[in-house]
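Just below is one structure, and these are the notes that go with it.
Quick note: the coordinates plus some simple rules give every number you see, no bench work behind them. Bear in mind the structure is a predicted one, so any value in this text is a computation, not a measurement. Counting neighbours? That spans all protein chains shown, and the Cβs are built from the backbone with ideal geometry, glycine included.
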Amino acid sequence: MIRFASHSALIAAAAGLLLTPAVQAQTAAASEGDFATFAPSGTPNSDKIDYSIWDEAMKNLVVSMGPSLRESAPRPDASLGSRRQYGHVSRYRLEGTRVMFSFLDADVISSFSEYRKDLENTADIVDIQSLSRNEQLAYWINLHNVAVIEQIANAWPVRQPREIKNDGVPMDEARFITVEGIKLSPRDIREKIVYRHWQDPMVIYGFWRGEIGGPSLQKEAFNADNVARLLTRGAADFVNSLRGSQEQGNKLHVSELYKEAAPYFFPDFEKDLRAHLARYADEQTAALLAKTTGAEATVAEHDIADLAGGSREPTYQNIQGADGTQQSFRIPQSMTALLRERESKFQEIIRQGRTGTVTFSNIDMPGDPEDKEKGEVE
């Protein structure tokens, strides 16, 4: 069991230092041999990595907007006393999860960098490739998401994460992560390591992009025991949302992220993707699949998945307590409006009787190999 020293600032806020190598180093192409070193070993060991610090942070920094109602959120009113629109305006703003970037101070932001470096250094202590497949998968997902959160936290306020650059290189392509001496970008982790060595497209839903239009950031750190459960949860949330799949005319339109993953998981795009969506579809989405044709990857929303819309609003108001009393905690008007919309949505979910989910794990499925470990992500 590998444990990291506690970063008190991270945990306190859950209640920076950017690496800036030269542009040449950022964009230099690593050889296929470099990435081949991350192929999982055929003889896994029983070592485990403890992510309790990150788990504590996620439970307190991530806000869930609840399951999708497959209804576009209306355009919000402009902020009081201003013609400028602060906060979120996206039709998908009531889907997925949000990170509270606007509440983070400098100490907490720097602790993200410390923790990312801790995860990098773990690869010098344990043989990542010789961990169990689930343990490796949890490591890569957590490292990716920590790095993305770190970069966004350092750059905030920013309206869209794709605007962030590291020495002139877009964040997703910048090689600011170093594992076993090899420089990696978030995209490298997804495509050249995980997508290449894991067969199940459910891994798509573990990687947080910082955008409303992407998979949700889970309120738990990934580990070997929960990775299959969290990926299943993320898949169901995304597939059964407007940002994942929707109808336009009689055509099925899906997230552009599926096209990005197509070379690895959906070679016959329409057929393979529809089969994948059907695996997680609820009753409403199953009906959508049945009445549409095609599969066009056109759905996108690049706005930041935070509570403030990536901007500092100059007007604030106090929050009322449950008993109607005024509290000293002040938040922007647009955030107050978003949280009220969220509350109204939850009331509608309760009215519809959609108040819980049941997840099955560690069960035998038709076609499973006899030696397959229960809960293992292929």
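Would you mind ranking LYS271, LYS165 by Cβ crowding within 10 Å, fewest neighbours first? Spell out each step's value before the answer.
Values: LYS271 11, LYS165 15.
Fewest-to-most ranking of LYS271, LYS165: LYS271, LYS165.
Proximity of backbone amide H atoms, modeled 1.01 Å from N, is registered between ALA297 and VAL254 at under 5 Å, excluding neighbours fewer than 5 places apart on the same chain.
For the stretch 246-277, the residues whose amide N sits under 12 Å from a probe point set 7 Å from the Cα of THR293 along the beta carbon direction are 250-252.
Residues ILE349, ILE304, ILE204 in ascending order of nearby Cβ atoms (within 10 Å, fewest first): ILE349, ILE204, ILE304.
For the pairs LYS165/LYS345; LYS192/LYS271; LYS59/LYS345; LYS117/LYS192, flag any whose C-alpha to C-alpha distance is greater than 31 Å. The partial results should precede the final answer.
Numbers: LYS165/LYS345 35 Å; LYS192/LYS271 24 Å; LYS59/LYS345 21 Å; LYS117/LYS192 21 Å.
Over 31 Å Cα-Cα: LYS165/LYS345.
Between ILE49 and ILE2, the built amide H atoms are under 5 Å apart, and every one of these is 5 or more places off in sequence or on another chain.
A simple rule links phi to the HN-Hα coupling: the Karplus curve 6.51 cos²θ - 1.76 cosθ + 1.60 with θ = phi - 60°, which for the stretch 163-168 gives 6, 6, 10, 10, 6, x Hz, with x for Gly and Pro.
Could you give the length gained by full extension between ALA286 and ALA300, i.e. 0.36 nm per residue of separation minus their alpha carbon distance, to one decimal place? Kindly include the intermediate steps, with their values, before the conclusion.
Numbers: separation 14, 0.36 × 14 = 5.04 nm, distance 2.13 nm.
That pair, ALA286 and ALA300, stretches by 2.9 nm at full extension.
Listing GLU95, GLU376 from fewest to most neighbouring C-beta atoms within 10 Å gives GLU376, GLU95. Gap in Å between the Cα centre of the stretch 174-214 and the Cα centre of the stretch 227-269? Between the Cα centres of the stretch 227-269 and the stretch 174-214 lies a distance of 17 Å.
Most tightly packed first, judged by the mean number of other beta-carbon atoms within 10 Å of their residues, the peptides 221-227, 126-132 read 221-227, 126-132.
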